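The values are calculated or read from the model by the stated rules, or taken from the named source; none is laboratory data. Just so it is clear, the model here is predicted, and its values are computed rather than measured. Cβ placement follows ideal geometry from the backbone for every residue including glycine, while neighbour counts extend to all protein chains displayed.
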Amino acid sequence: MFDFDMLGLAPALNDALKSANFSQPTPIQNQAIPLALNGHDILGLAQTGTGKTLAFGLPLIDHLLNQPGKPAPKTAKALILAPTRELVNQIADSLRVLTGKTKLRVATVVGGQSINKQIAFLGRGTDILVATPGRLIDLMERKAVDLGSVRHLVLDEADQMLDLGFIHALRKIAPALGTPRQTMLFSATMPKQMEEISRAYLTNPQRVQVSPPGKAADKITQSVHFVTKPEKPGKLREILSQDTDALTLVFSRTKHGAEKLMKGLVADGYNAASIHGNKSQGQRDRAIKAFRAGEINVLVATDVAARGIDIPGVAYVINYDLPEVPDNYVHRIGRTARAGREGEAIAFCSAEEVDLLRQIQRLMKIDIPVASGTQPEPVEAARSGRRQNNRRFKPRPPNGSAKPAHNKRRRPRRKPAA
């Protein structure tokens with residue numbers, strides 16, 4: 001293990017790290033930063049909350065500080081792609097802490113905000129552009145940004161971008177980038193398609209992995225409560241009442257469900273807010289800011305926030321509904337136990353979700369400890385069994401001679417007499 005000041009970073013970066021109370025790198029930073037400083041392409045695998053932003057941010061900024069000259073209008077020297085607005089803003093905020101005493105400019109482009117303001121800002125050029133793929137393509141089609149000067153590309157949380165159709169966007173964006181360039185890809189999981197992206201867009205990458213894909217942070221305590229659907233609201237309130245001051249993040253599967261759950265909690269006196277796809281970007285930003293400041297202590301969210309919340313003080317993550325994609329469970333619970341802290345992840349599982357739980361446990365290669373209840377028979381399996389038992393089997397006609405009723409030949413209509 002080394003200290004940040006042993007890396008030979010630019011003095012401005014060392015000063016920024018000390019001001020932000022960063023002294024020793026995390027394992028992913030420990031492995032990735034020296035390789036990236038030497039110009040290697042990086043394929044980084046680590047669960048959320050392990051410090052991936054600094055792992056690519058520090059070498060990226062160091063390289064840019066050694067490249068004199070201002071960016072030309074509409075251009076960028078480095079591009080960082082991330083799947084959600086929240087994550088884009090989070091990355092940009094972290095980078096601005098590091099570039100505060102330099103002349104480097106950091107710009108963000110995301111959907112849900114004024115595209116005209118983004119066009120105006122990009123018109124002056126920027127050193128680092130952090131973007132969601134969809135809005136970036138909009139700006140490219142409007143000729144508002146020229147990516148030909150980009151010599152550093154970072155793909156953050158690339159596995160989630162795959163889920164959102166990112167591969168199609170990358171095929172449009174990559175040809176517009178400058179060459180040669182350094183590319184760094186970071187992901188919490190490693191689906192097969194990620195290997196294909198690595199081969200297509202990275203050149204002799206150095207693979208950095210600090211934990212097996214699908215593994216949660218070591219300091220997260222996990223548990224599952226087997227409950228029926230109608231029992232979930234009561235169980236949630238029971239758990240929230242045990243530590244009323246703790247910051248708790250509650251995940252719902254749907255936007256409607258998240259809003260309904262939040263309103264019910266507020267009606268019962270809980271200090272709660274919600275973020276989901278039906279909220280404007282301003283509403284989402286305000287909710288996260290209030291949650292970060294402790295002005296609200298229960299935030300109900302859909303998976304739109306699973307990778308966009310970097311709040312070290314989150315004590316509990318409650319999966320009110322289990323996610324339909326097992327990888328999302330890992331990203332959800334990664335919102336707690338961040339930056340070396342401890343945290344607790346609690347899951348509710350109804351009969352309809354038993355199969356989802358099994359998929360999650362298979363991915364993580366663990367059995368999540370049962371806190372209460374008994375695992376029910378999966379609903380779908382029970383229904384399938386009933387259908388099998390009640391099905392009436394008719395003897396099959398010999399040689400398949402029988403034909404479905406809708407295939408029977410019909411008599412042609414008689415033409416009316418003249």
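Quick notes on this one:
- Residue list for the stretch 327-355, filter: of a type in the set (A, V, I, L, M, F, W, C), surrounded by fewer than 22 Cβ atoms within 10 Å (Cβ to Cβ) and touching a Phe, Trp or Tyr at 6+ places or on another chain (Cβ under 9 Å): ALA351, VAL354
- Yes/no for PRO212 being surrounded by fewer than 20 Cβ atoms within 10 Å (Cβ to Cβ) and at pLDDT 95 or above: no
- Annotation note: Cβ proximity below 9 Å between a residue of the stretch 130-149 that is part of a helix (DSSP H, G or I) and a residue that is among the acidic types (Asp, Glu) (sequence gap 6+ or interchain) occurs for MET140/ASP146.
- Scanning the stretch 1-60 for residues that are part of a loop (DSSP other than H, G, I, E, B), surrounded by 16 or more Cβ atoms within 10 Å (Cβ to Cβ) and on the phi < 0 side of the Ramachandran plot returns LEU7, LEU9, ALA10, PHE22, PRO25, THR26, HIS40, ASP41, ALA46, GLN47, THR48, THR50.
- Every residue from the stretch 164-173 that is within 14 Å of THR132 (Cα to Cα) and either at pLDDT 90 or above or in a helix (DSSP H, G or I) (or both): PHE166, ILE167, HIS168, ALA169, LEU170, LYS172, ILE173
- Taken over the stretch 90-102, residues that are over 13 Å from the mean Cα position of the chain (by Cα) and in contact (Cβ under 8 Å) with a residue 24 or more places away in the chain amount to 9.
- Counting the residues of the stretch 178-198 that are of a type outside the set (Lys, Arg), touching a strand residue (DSSP E or B) at 6+ places or on another chain (Cβ under 7 Å) and in a loop (DSSP other than H, G, I, E, B) gives 1.
- Candidates THR126, THR132, filtered to the one that is at pLDDT below 95, touching a Lys or Arg at 6+ places or on another chain (Cβ under 7 Å) and within 29 Å of LEU17 (Cα to Cα): THR132
- Residue within the stretch 109-125 that is surrounded by fewer than 20 Cβ atoms within 10 Å (Cβ to Cβ), polar (S, T, N, Q) and without any contact (Cβ under 8 Å) to a residue 12 or more places away in the chain present: yes
- Single unsatisfied condition, ILE311 versus (1) closer than 16 Å to VAL224 by Cα; (2) in contact with a helix residue (DSSP H, G or I) (Cβ under 8 Å, 6 or more places away or on another chain); (3) not in a helix (DSSP H, G or I): (1)
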